[in-house]
Amino acid sequence: MSSGVRGTIFLEKARVISQLAYDAEQFVLRLGAPKCAAHAGPGTFVHLRCDAALPMRRPLSIMRADARA
């Protein structure tokens, strides 16, 4: 493992900013998570927990991240 990815696993509560649906069941979910955005880049993943009652997290790929937003 390279030193560039060490220390990048953490928990952060995110705020849903917007949800968009497109044809062919494609979706864009914008989240407010500044700590995650500071470490994220296109092609990396986050694991999203939708509900505390659902133990399995959903892996979502990141299309774009802006720590300043």
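Each value in this text was obtained by applying a stated rule to the coordinates, not by laboratory testing. As the structure is a prediction and not an experimental result, all values here were calculated from the model. Here Cβ is always computed from backbone atoms with ideal geometry, including for glycine, and neighbour counts include all displayed protein chains.
Worth pointing out:
- A dipole drawn for the chain from +1 and -1 charges on Cβ atoms has a positive end, and of Ala33, Leu54, Gly43 the residue lying farthest that way is Ala33.
- The local environment of His47, defined by Cβ-Cβ distances under 10 Å, has a net charge of +3 under the rule Lys, Arg +1 and Asp, Glu -1.
- 5 angstrom amide H check on Leu31, placed H, neighbours 5+ away: Ile17
- Expected 222 nm ellipticity per residue - DSSP helices of 4 or more, -39500 (n - 2.57), all of the chain, to 500: -2000 deg cm²/dmol
- Under the criterion of Cα pairs below 8 Å and six or more residues apart, the relative contact order for segment 14-69 equals 30 percent.
- In this calculation the C-beta distance from Val28 to Ala67 is compared with R0 = 22 Å, giving a FRET efficiency of 0.75.
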